[in-house]
1. If you scan region 172-221, which residues turn out to be part of a loop (DSSP other than H, G, I, E, B), buried (at least 16 other Cβ atoms within 10 Å of the Cβ) and in contact with a strand residue (DSSP E or B) (Cβ under 9 Å, 6 or more places away or on another chain)?
2. Condition first: in contact with a Phe, Trp or Tyr (Cβ under 9 Å, 6 or more places away or on another chain) and surrounded by fewer than 20 Cβ atoms within 10 Å (Cβ to Cβ). Now tell me which residues in region 225-250 satisfy that.
3. All but one of (1) closer than 21 Å to Ile16 by Cα; (2) part of a helix (DSSP H, G or I); (3) free of Cβ contacts under 8 Å to residues at least 60 places away in the same chain hold for Glu224, so report the exception by its number.
4. Among the listed residues Lys204, Lys219, Lys159, which satisfies the condition of being within 11 Å of the ligand (Cβ to nearest atom) and not assigned by TED's automatic domain parsing to the domain that holds Phe102?
5. So which pairs qualify, if the first residue must be in region 232-247 and hydroxyl-bearing (Ser, Thr, Tyr), the second must be assigned to a helix (DSSP H, G or I), the Cβ gap must be under 8 Å, and the two must be at least 6 apart or on different chains?
6. Out of Gly17, Gly28, which single residue is within 25 Å of Ser244 (Cα to Cα) and in contact (Cβ under 8 Å) with a residue 40 or more places away in the chain?
7. Can you find a residue that is closer than 21 Å to Ala191 by Cβ, surrounded by fewer than 24 Cβ atoms within 10 Å (Cβ to Cβ), more than 11 Å from the ligand (Cβ to nearest atom) and charged (D, E, K, R) anywhere in region 57-67?
8. Exactly one condition in (1) assigned to a helix (DSSP H, G or I); (2) within 23 Å of Pro127 (Cβ to Cβ); (3) away from the ligand (no atom under 12 Å from the Cβ) is false for Glu52; which is it?
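The values are calculated or read from the model by the stated rules, or taken from the named source; none is laboratory data. Keep in mind that what you see is a predicted model, and the values were worked out from it rather than measured. Note: ideal-geometry Cβ built from the backbone for every residue, glycine included; neighbour counts use all protein chains shown.
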Amino acid sequence: MLKSKKAVVTGSTSGIGLAIARQLASNGADVVINGFGDAAEIERTRAAIESEFGVRAHYVGADLSKGEATRQFIEDAVKALGGIDILVNNAGIQYTALVEDFPTDRWDAVIALNLSAVFHGSAAALPHMKKQGWGRIINVASAHGHVASVEKSAYVAAKHGVMGLTKVIALETAGQGITCNAICPGWVRTALVERQIEALAQKKGISIEEATRELLSEKQPSLEFVTPEQLGQAAVFLSSDAASQMTGAHLTMDGGWTAR
Ligand code: NAD
C-alpha cells in the first residue's frame, strides 16, 4: 500500500515509534528510524526492518530537543531516503510533579521535545512535501491532548499544543495533497508507562500487578492497554489514499478514556 513512500519516524528506537516504523515498513515504505539507545541494538532493530519487510531502513541519530538539530535531522533523513512523504512526530518524554515543584529544566525539556520538535520537524519537512504535492504528517499526541491529569503540567500543555498545531498545519496545507492529523493514545505499555507503574507501586507499597490494574482502572474503561501495533496500523491508515480527506483530526485510541 505504501510502496516507494519514504517515511521518517522520530523516537523510533523503542515503543510506539518503533511499532509505527515497522508497520509502515511492512506496508512497503522505506523508513528512517531515530532515537536514543545502545548502538548495537539500534543496528539490529534497523537491520531487522530491512530483512523482514524488504525495504530500506536507515538510522539517523539526533537529539530532537534542540530546534536546529531537529531541522538538520529532517534534511539528513531526506538525504538518506531521497525524499520524505510521511513524517511521524512521535518522540516524547514524561516528567511528573506538582506545578509548584516542577523543575524549570524538566518543563523546558518536555516542551522542547513533545511540542517544539513537532514544530521544527514539520517546518523542515513541509517544503519538501509542498514541492511534490503529497505528504502526511502524523503527530503522536495523547489522551492528554484532550484532558488533563495531576502532576503532568508540561506533558499536558505540550500535548494540547500539538493538537492545536495539528489543526494549523492542516489548514495551511489543505488542498495541496498534504494532511496533518494527530493520534491520541491512552495507556500503552511502553518504557514510558512502565516507569509510571513502578512509581505507583512504590508510592502505594503494592505489587506491579496491582499498580497496573489501578493505573488502568483510574483512566481507561476498557481496562486493557492500547498496543503499539494498533497505533502503527492507525498510522498506516492515515498514510493511505483512503485518508486523503482526513486532516486536522484527532484520532482517539484510548479504550474510552476521554469518552467520560
Ligand atoms: P518510549 O520511551 O518507549 O519511546 C520514546 C522514544 O523517543 C525512544 O525511541 C527514545 O529514544 C526517543 N527519544 C527520547 N528523547 C529523545 C530526544 N531528545 N531526541 C530523539 N529521540 C528521543 O515512549 P513511548 O511510550 O513509545 O512514547 C512515544 C510517544 O507516544 C510519546 O510522544 C508519548 O508522549 C506518546 N504517548 C505514549 C503513551 C503511552 O501510554 N506510552 C500514551 C499516549 C501518548
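1. As a first pass, look at region 172-221 and keep what is part of a loop (DSSP other than H, G, I, E, B): 174-177, 186-187, 189-190, 205-207, 220-221.
Still in the list and also buried (at least 16 other Cβ atoms within 10 Å of the Cβ): 186-187, 189-190, 220.
Across region 172-221, the qualifying residues are Gly186, Trp187, Arg189, Gln220.
2. Filtering region 225-250 down to residues in contact with a Phe, Trp or Tyr (Cβ under 9 Å, 6 or more places away or on another chain) leaves 225-226, 243, 246.
Phe225, Ala243, Met246 - these are the residues of region 225-250 that are in contact with a Phe, Trp or Tyr (Cβ under 9 Å, 6 or more places away or on another chain) and surrounded by fewer than 20 Cβ atoms within 10 Å (Cβ to Cβ).
3. Among (1) closer than 21 Å to Ile16 by Cα; (2) part of a helix (DSSP H, G or I); (3) free of Cβ contacts under 8 Å to residues at least 60 places away in the same chain, the lone unmet condition for Glu224 is (2).
4. Details: Lys204 fails: within 11 Å of the ligand (Cβ to nearest atom); Lys159 fails: not assigned by TED's automatic domain parsing to the domain that holds Phe102.
So the residue among Lys204, Lys219, Lys159 that is within 11 Å of the ligand (Cβ to nearest atom) and not assigned by TED's automatic domain parsing to the domain that holds Phe102 is Lys219.
5. As it stands, the answer is Ser239/Leu24; Thr247/Ala170; Thr247/Thr173, since those pairs meet every condition given.
6. Gly17
7. no
8. Evaluating Glu52 over (1) assigned to a helix (DSSP H, G or I); (2) within 23 Å of Pro127 (Cβ to Cβ); (3) away from the ligand (no atom under 12 Å from the Cβ) leaves (2) as the failure.
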